Amino acid sequence: MKRKILFAFILMSFCVAGIAALQLYYNYATYQEESRRFERSCNDALDEAVDSSFSKHRKIVLGELRAWLHDPSFVKITAKWNSDAKQTVFTIAEVEPSPNGQSKISMSNEDFKEKLDSITPKAKKKLVEHMVSQVDSEFKRGYVWFYTQKIGDSLSKAFYDIPLDLRIIKKQYQASLKEKGISLPFVFNEKQEEASYQTKKVNISLRRPHKKELLYASFVNKDLFLLKELKWILIGSVLLILITLSCFWYTLRLLLTQHKINEIKDDFINNMTHEINTPLTSIAITAEALKKFSHDKQAQEGYIDIILYQSRKLMSLTDEILNSAKLEKSEIELQDTIKVKILLEELVKGMDEKVQLSVSFSENEIFLKGNKNHLTRAISNLVDNAIKYNISDIPTVAISASAENKMLTIAIADNGPGIPDEHKEKIFSQFYRVPSGNIHNVKGYGLGLSYVKKVILAHKGSISVKDNIPEGSLFIIKLPL
Ligand code: ADP
């Protein structure tokens, strides 16, 4: 049995260790994945923020370009049909030509199919939008498109001279991070000792790719943030491990208790066989002697007395076992009105005279509703134990009864060996005996106190045992009146 329990214990330990290890691995992998996702999101958000700021900047400059082209004091736009090329040719000329460089440009537009000899507002608008989109695609590549010197100079000034605003990028970055579920503080372009994550560097120069102005963000509390994100998974895992451990512990305790009960039962059966065998052998030998030999009347009576004594012993033994078994199934009837004083006085009447036995009461008239027979047997068991386990020179047992607040307290104190703390609760279990090695010099089956407890519980009371002072045990019964 012990080997089987050990085997089950080893198997269960492996299982629990396996579950815990898998959980740890799963949590670690989830953390890693979450960390990668965090880094991806931070970098993507930075790209998005820079792109968005860049596009806002382009939009502002393109708005200015549009205004210049529509401004007749800045440029004059004309249109003329070229019959050779079969296209309308537009001319854009500076009103106040720049001293150096090109001040005029002619161009046609493939998409413009109309035949015009002078400019119309609709054609002008179409031409301006075409130019704006050309300039925009060049801006995206980091160039400035020069139509005429003045337009080019003004565009360069507007586009290159005002760099991307870091405050706008920061706001945009915060918004993009929030969209991705990250609300952590960060700083731009600052190398921090305690930084737990730094993004890759993004070029924010408007002249990119020719010039480099790098931007990166540093985050301090990345790990704490990730732990917060994963808190439910972590809590769930810890709970799962705890539940598994408690199940393991519970099952192990159950197995050990079962094992202990089996041992106690084996012990009980061995004890019992011995207890039954001795009187039975004695009866058999005496009966044989009676049958084989003729004895005088006095000797015959002596033999018969032995047979009677041993049969009574057997009967009381079976009674004790039967009583205990009966109590398991049936309910105890609580119909008797018991006068506590009389019950206790009658109980001690026939007891061993070598023992100093005393009974005291706080008052004479205490009445209790209950089962007189069972209660008498139960208290007798306690007094019997107090005497039979007593090894002192002058065995003393003191019984006292008092009533207070509708509660009867009966205390049975002895000056015997007492009961070690670790056995105080267990002695009320069936078949339990305080171990005294393999030798029990006091006979018993471990049934007495379990019977007492059942009777007291049936009366809705309680029983406990304490150390008597200065020595011995003190059993306390409490019964509601
Ligand atoms: P048993 O038939 O063994 O007496 P009980 O259920 O009456 O069974 O008692 C259980 C155990 O409690 C005993 O084996 C004994 O060791 C211990 N015990 C009970 N009463 C006393 C007492 N008054 N003093 C010391 N030990 C006691």
Set Ile412, Ile391, Ile427, Ile366: member being more than 27 Å from Thr318 (Cβ to Cβ), among the aliphatic types (A, V, I, L, M) and within 14 Å of the ligand (Cβ to nearest atom):
Ile391
Scan the range 204-216 and tell me whether some residue there is assigned to a loop (DSSP other than H, G, I, E, B) and farther than 20 Å from Phe54 by Cα.
no
Among the candidates Ile379, Ile338, Ile366, single out the residue that is in contact with a strand residue (DSSP E or B) (Cβ under 6 Å, 6 or more places away or on another chain), β-branched (Val, Ile, Thr) and either at pLDDT 90 or above or at positive phi (or both).
Ile338
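From the list Gln134, Gln172, Gln149, exactly one residue is under 30 Å from Ser41 (Cβ atoms) and out of contact with any Cys (no Cβ under 9 Å at 6 or more places or on another chain). Which is it?
Just one listed residue meets the conditions, Gln172.
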Residue, farthest from the ligand (Cβ to nearest atom), within the range 394-409, restricted to residues that are among the aliphatic types (A, V, I, L, M) and buried (at least 16 other Cβ atoms within 10 Å of the Cβ):
Ala403
List pairs: first residue in the range 203-224 and closer than 15 Å to Asp47 by Cα and touching a residue at least 12 places away in the same chain (Cβ under 8 Å), second residue of a type in the set (Val, Ile, Thr) and assigned to a loop (DSSP other than H, G, I, E, B) anywhere in the structure, Cβ distance under 9 angstrom, at least six positions apart or on different chains.
Leu206/Ile162; Glu213/Ile204; Leu214/Ile204; Leu215/Thr199; Leu215/Ile204; Tyr216/Thr199; Ala217/Thr199; Ser218/Thr199
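Considering only the range 44-53, I want to know if a residue exists there that is within 60 Å of the chain's Cα centre (by Cα), of a type in the set (Ser, Thr, Tyr) and farther than 27 Å from Asp153 by Cβ.
The initial filter retains those residues of the range 44-53 that are within 60 Å of the chain's Cα centre (by Cα), namely 44-53.
From what's left, of a type in the set (Ser, Thr, Tyr): 52-53.
So of that shortlist, the ones also farther than 27 Å from Asp153 by Cβ come out as 52.
Yes, there is a match, as at least one residue in the range 44-53 is within 60 Å of the chain's Cα centre (by Cα), of a type in the set (Ser, Thr, Tyr) and farther than 27 Å from Asp153 by Cβ.
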Answer yes or no as to whether Glu422 is under 41 Å from the mean Cα position of the chain (by Cα) and more than 8 Å from the ligand (Cβ to nearest atom).
yes
Out of the range 136-179, which residues are aromatic (Phe, Trp, Tyr) and more than 50 Å from the chain's Cα centre (by Cα)?
Phe139, Tyr143, Trp145, Phe146, Tyr147, Phe159, Tyr160
Filter result (surrounded by 11 or more Cβ atoms within 10 Å (Cβ to Cβ), assigned to a strand (DSSP E or B) and either modelled with pLDDT under 90 or hydrophobic (A, V, I, L, M, F, W, C) (or both)) within the range 419-472
Ile463, Val465
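Sort through Lys443, Lys424, Lys453 and tell me the only one that's closer than 22 Å to Lys341 by Cα and either without any contact (Cβ under 8 Å) to a residue 40 or more places away in the chain or among the charged types (D, E, K, R) (or both).
Values: Lys443 fails: closer than 22 Å to Lys341 by Cα; Lys424 fails: closer than 22 Å to Lys341 by Cα.
Answer to the check: Lys453.
The values are calculated or read from the model by the stated rules, or taken from the named source; none is laboratory data. Everything quoted here is computed from the prediction, not taken from an experiment. Neighbour counts run over all protein chains shown; Cβ positions are idealised from the backbone, glycine included.
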